[in-house]
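Here the structure comes first, spelled out in structure tokens, and everything after it is commentary.
The values are calculated or read from the model by the stated rules, or taken from the named source; none is laboratory data. This is a predicted model, so every value here is computed, not measured. In this analysis, Cβ positions are derived from the backbone assuming ideal geometry, glycine residues included, and neighbour counts consider all displayed protein chains. The protein model used for the area step is the full one, side chains on, heavy atoms only, and it has no ligands, DNA or RNA in it. Shrake-Rupley method; radii C 1.70, N 1.55, O 1.52, S 1.80 Å.
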Amino acid sequence: AQAQDLLGPIDILVNNVGREETTGDPFEHGWDAFERSFDLNVRSAFLITQGVAPGMKARRWGRIVNILSMAAHSYPKGMAAYSTAKGAFASFTRAMAVELGAWNVTVNSVSPGWVPVERHGPMSLPGRMATAARTPMGHLGVPDDVANAITFLASDLAGFITGVEVPVCGGIHLIG
């Protein structure tokens, strides 16, 4: 409500939430780790979507882009809570596409692969090279790769695309 009061109607929402809250043995961390991850990744996106959807519906136009992760499909060891929450976030994206489609509101997602950014911390050059070598494209992505996919999904060019997940991962999703 504060953002809309300050900036006016919100027509484009990018739900960019999430981080690996807890890593390691999921049974040692217990349900609390899952609950924290669901609150951060799913509940927060639901609440902000709930806040902007009525205006988008009233204007009969809107774009929602949710930022997922390839971890929703690859299940890295020690990241069970994060992977599970991102999988639920993927389902949320598809459900909202169905719920909001009649009002010309599209809901899609982007799933970045490993893109070196500040939140990932430092990675050695050999580590980066090994990660890059696993992708069919042979290199890591950059933040603009993700931003360009979001920009497309938020534009009129994607007006008849809803409920899809765009993997921005250099093809790593093809080989697992």
Given the residues Phe46, Phe34, Phe92, which is the only one that is open to solvent by 60 Å² or more (accessible area, probe 1.4 Å) and over 19 Å from Gly8 (Cα atoms)? Phe46
Kindly establish whether Met137 is open to solvent by 40 Å² or more (accessible area, probe 1.4 Å), modelled with pLDDT under 95, assigned to a loop (DSSP other than H, G, I, E, B) and not hydroxyl-bearing (Ser, Thr, Tyr). yes
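Rundown of residues vs (1) without any contact (Cβ under 8 Å) to a residue 40 or more places away in the chain; (2) under 19 Å from the mean Cα position of the chain (by Cα); (3) more than 30 Å from Met56 (Cα to Cα), yes/no style:
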site	(1), (2), (3)
Met79	no, yes, yes
Ala102	yes, no, no
Ser111	no, yes, no
Asp144	yes, yes, no
Ala149	yes, yes, no
Thr162	no, yes, no
Number of the exception - Gly62 against (1) touching a residue at least 60 places away in the same chain (Cβ under 8 Å); (2) in contact with a Leu (Cβ under 8 Å, 6 or more places away or on another chain); (3) under 18 Å from Gly101 (Cβ atoms): (1)
Just one listed residue, out of Gly78, Gly51, Gly113, is touching a Cys at 6+ places or on another chain (Cβ under 8 Å) and either more than 19 Å from Asn16 (Cα to Cα) or open to solvent by less than 70 Å² (accessible area, probe 1.4 Å) (or both), and it is Gly113
Please count how many residues of the range 54-75 are open to solvent by 50 Å² or more (accessible area, probe 1.4 Å), modelled with pLDDT of 95 or more, out of contact with any helix residue (DSSP H, G or I) (no Cβ under 6 Å at 6 or more places or on another chain) and not aromatic (Phe, Trp, Tyr). 3
Do the conditions hold for Thr23, that is, is it of a type outside the set (Phe, Trp, Tyr) and either open to solvent by 40 Å² or more (accessible area, probe 1.4 Å) or under 28 Å from Ile175 (Cα atoms) (or both)? yes
Just to be sure, is Pro9 open to solvent by 20 Å² or more (accessible area, probe 1.4 Å) and under 29 Å from Leu174 (Cα atoms)? no
Of the residues Glu99, Glu35, which is in a helix (DSSP H, G or I) and within 23 Å of Ala154 (Cβ to Cβ)? Glu99
Would you mind stating whether Asp145 is closer than 21 Å to Ile10 by Cα and either crowded, with 17+ Cβ neighbours inside 10 Å or of a type in the set (Asp, Glu) (or both)? no
